[in-house]
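Notes follow the structure.
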Amino acid sequence: MSNKIYSNHDEVLRYGQSQIDRYIEGIDKYEKWGTMNALVCLREGADIVFRLGSDFDKEVLISRLRTKLNQMNIDSDNYLTSEDKSAMSHLDHTRRVHAIEIVKSYVEIKGNMIHA
C-alpha cells in the first residue's frame, strides 16, 4: 500500500521543493519581493515537504535551513560590527532578524520531530 496522500503527491512535493529553492536566498533581504513574501512562500514549501516528503527530503531541508540560519547569523553579527549604517543595510538587518527567528523555529521544532 502506498503512503501517498494525494493522487498528484509527487507533483505537490516538487512544488514545495521548488518554493524552497526559489525563495530561501531572499528571506533575509529587504529587496526583491520583500522578506514577508519570501518567508510565506518558504514556509509553504517547507510545510509541504514536512508533510509529504520522505525522511531524506526532510533531512535535506533541515540541512539547508541550518546552513541558511548560520549564514544569516554571521550576516547579522557582521552588520552589528560594521560601520555601514545605511538605510538599506538597516532594513536588511531588520528583516534578517525576523527571518532568523522563523528559520530557527523550523530547525528546532521540525528537526526534533524527525529525530524523535
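The values are calculated or read from the model by the stated rules, or taken from the named source; none is laboratory data. None of the values given here were measured: they were computed from a predicted structure. Note: accessible area is taken over every heavy atom of the protein model, side chains too, but ligands, DNA and RNA are not part of it. Shrake-Rupley method; radii C 1.70, N 1.55, O 1.52, S 1.80 Å.
Give the Cα extents of segment 37-102 along the principal axes, in whole Å, largest first.
For segment 37-102, the Cα extents along the three principal axes come out at 45, 21, 13 Å.
List, in order, the whole-Hz ³J(HN,Hα) value for each residue of segment 60-73 obtained from phi through the Karplus relation with A = 6.51, B = -1.76, C = 1.60 and θ = phi - 60°; use x for Gly and Pro.
With the stated coefficients, segment 60-73 comes to 4, 4, 4, 4, 5, 5, 5, 4, 5, 4, 4, 4, 5, 5 Hz.
Quick check: at a probe of 1.4 Å, how many percent of the accessible area of the chain sits on carbon and sulfur atoms?
54 percent
Return the sequence-ordered ³J(HN,Hα) values of segment 97-113 in whole Hz as given by the Karplus equation 6.51 cos²θ - 1.76 cosθ + 1.60 applied to θ = phi - 60°, using x for Gly and Pro.
With the stated coefficients, segment 97-113 comes to 4, 5, 5, 4, 5, 5, 5, 4, 5, 4, 4, 5, 6, 6, x, 5, 5 Hz.
What is the Cα convex hull volume of the chain when expressed per residue in Å³?
Per-residue hull volume (Cα only) is 89 Å³.
What aspartates and glutamates does residue 85 reach when the alpha-carbon gap must be under 12 Å and sequence neighbours fewer than 8 apart in one chain are set aside?
Straight-distance partners of residue 85: none at all.
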